[in-house]
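The values are calculated or read from the model by the stated rules, or taken from the named source; none is laboratory data. This is a predicted model, so every value here is computed, not measured. No Cβ is skipped: glycine too gets one built from the backbone with ideal geometry, and neighbour counts run over all protein chains shown. Side chains are part of the model used for accessible areas, which takes the heavy atoms of the whole protein and leaves out ligands, DNA and RNA. Shrake-Rupley method; radii C 1.70, N 1.55, O 1.52, S 1.80 Å.
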Amino acid sequence: MSGTEIEVAEGESIPSIARDRGFFWRTIWEHPENAALKEERESPNVLFRGDRVFVPDKEMKEFPCATGERHDFKLKGDPVKFVLQLKKLGRPRKDEPYVLVIDGVPTEGTTDGDGKLEAWMPGNVQTAELRLNDGQEVRQLRISRLDPVETTAGAQQRLNNLGFACGTESGELTSRTQRALRSF
């Protein structure tokens with residue numbers, strides 16, 4: 001099989017790698033050369049820095065069409081669905097208005113009965129901003145810069161994202177991280 005194996009950099013995910021290289025994310029994630037990675041990581045959105053990902057060569061597709069006529073083509077595979085559940089004191093923040101800003105474009109919505117919001121975004125988005133309470137509460141969201149949750153650094157990143165300040169995301173289990181874990 002022809003293609004290239006790349007080393008994952010910090011903040012990369014299968015959707016971001018695919019988007020940057022002109023692929024649908026499933027094409028890379030479901031490629032047989034990535035079966036071991038898929039089994040080990042379980043999610044295309046969470047990769048370790050240093051993971052190896054096989055990216056196949058692009059294949060040209062041709063579609064016979066009559067000249068002088070209009071032809072519509074539909075792009076599939078991008079954007080990626082982003083789902084976030086909001087809770088306050090352990091209870092879902094249901095039916096709450098929000099503004100989600102992605103790449104400078106604001107999208108207004110209301111959380112559902114479980115406190116969830118869903119949005120479509122490009123696969124290579126790194127950050128977003130969530131505004132609640134008419135802009136009185138603003139959260140910066142890191143979309144594709146999280147280490148796997150089973151690592152200390154991944155837990156630290158998630159704690160910081162959720163407002164449980166644990167300081168540095170070094171991967172060391174510091175006393176500040178331990179306090180944040182207890183608070184969580």
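Points to keep in mind about this one:
- Number of residues in region 69-100 that are open to solvent by 90 Å² or more (accessible area, probe 1.4 Å) and either in a loop (DSSP other than H, G, I, E, B) or among the aliphatic types (A, V, I, L, M) (or both) equals 10.
Yes/no matrix, rows are residues, columns are (1) over 20 Å from residue 143 (Cα atoms); (2) surrounded by 12 or more Cβ atoms within 10 Å (Cβ to Cβ):
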{"position": "3", "(1), (2)": "yes, yes"}
{"position": "7", "(1), (2)": "no, no"}
{"position": "13", "(1), (2)": "no, yes"}
{"position": "17", "(1), (2)": "no, yes"}
{"position": "20", "(1), (2)": "no, yes"}
{"position": "23", "(1), (2)": "no, yes"}
{"position": "32", "(1), (2)": "yes, no"}
{"position": "36", "(1), (2)": "yes, no"}
{"position": "41", "(1), (2)": "no, yes"}
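- Scan region 53-68 for residues that are open to solvent by 40 Å² or more (accessible area, probe 1.4 Å) and either within 23 Å of residue 38 (Cα to Cα) or part of a strand (DSSP E or B) (or both) and the total you get is 3.
- Taking every residue in region 164-184 that is touching a residue at least 40 places away in the same chain (Cβ under 8 Å) and pairing it with any residue that is in a loop (DSSP other than H, G, I, E, B) and not hydroxyl-bearing (Ser, Thr, Tyr), at least 6 positions away or on another chain, yields no pair with a Cβ-Cβ distance below 7 Å.
- Residue match in region 142-160 (condition: part of a strand (DSSP E or B) and touching a residue at least 12 places away in the same chain (Cβ under 8 Å)): yes
- Count - residues of region 153-184 that are open to solvent by 60 Å² or more (accessible area, probe 1.4 Å) and β-branched (Val, Ile, Thr): 1
- Looking across region 128-152, just one residue is open to solvent by 70 Å² or more (accessible area, probe 1.4 Å), touching a Ser or Thr at 6+ places or on another chain (Cβ under 9 Å) and within 16 Å of residue 163 (Cα to Cα), and that is 140.
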